[in-house]
Amino acid sequence: MKRTNAQPIGAMLEELFKSPNIAAKIAEGSLPHVWREVVGEVVAAETRQVRFVRGVLYVHIASSILRSELMMQREALVRSVNAKLGIDLVKSLVVQ
């Protein structure tokens, strides 16, 4: 039996990871790490929880001062997180 559509496995995996559903799930899994990169170590140390539900990124911040500051920067943080992910995954940010 002769194969006519043979491809290297690397190309097949790359194509698979580019599919929208899989790319979104991979990006979703890296959100805690990306959050740390975007906000820096000081804010990340005060972050108690990072959750993602239906386009909304929920972060629980222990410090009320940092919480207030982050609430004022929500739109910029969403843009930064999406830029780091390389996909428009996060639609809004809720700081708790």
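Which one of Gly10, Gly29, Gly55, Gly86 is within 11 Å of the chain's Cα centre (by Cα) and at pLDDT below 85? Show your work before the answer.
Working: Gly10 fails: within 11 Å of the chain's Cα centre (by Cα); Gly55 fails: at pLDDT below 85; Gly86 fails: at pLDDT below 85.
Result: Gly29 is the single residue among Gly10, Gly29, Gly55, Gly86 that is within 11 Å of the chain's Cα centre (by Cα) and at pLDDT below 85.
Looking at the stretch 71-96 only, could you name the residues that are touching a helix residue (DSSP H, G or I) at 6+ places or on another chain (Cβ under 6 Å) and assigned to a helix (DSSP H, G or I)?
Taking the stretch 71-96 and keeping what is touching a helix residue (DSSP H, G or I) at 6+ places or on another chain (Cβ under 6 Å), we get 80-81, 84-85, 87-90, 93, 95.
If the condition is that a residue be touching a helix residue (DSSP H, G or I) at 6+ places or on another chain (Cβ under 6 Å) and assigned to a helix (DSSP H, G or I), then Ser80, Val81, Lys84, Leu85 are the ones that fit.
I need every pair where a residue in the stretch 79-92 that is in contact (Cβ under 8 Å) with a residue 40 or more places away in the chain and among the hydrophobic types (A, V, I, L, M, F, W, C) has its Cβ under 6 Å from the Cβ of a residue that is crowded, with 16+ Cβ neighbours inside 10 Å and assigned to a loop (DSSP other than H, G, I, E, B), sequence separation at least 6 or different chains.
The qualifying pairs are Val81/Val90.
Here is a yes/no grid of residues against (1) surrounded by 13 or more Cβ atoms within 10 Å (Cβ to Cβ); (2) part of a helix (DSSP H, G or I):
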{"position": "Glu37", "(1), (2)": "yes, yes"}
{"position": "Ala44", "(1), (2)": "yes, yes"}
{"position": "Gln49", "(1), (2)": "no, no"}
{"position": "Val59", "(1), (2)": "yes, no"}
{"position": "Glu69", "(1), (2)": "yes, yes"}
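The values are calculated or read from the model by the stated rules, or taken from the named source; none is laboratory data. For clarity, every value in this text was computed on a predicted model and none was experimentally measured. Cβ sites come from the backbone with ideal geometry, for glycine too, and all protein chains shown count toward neighbours.
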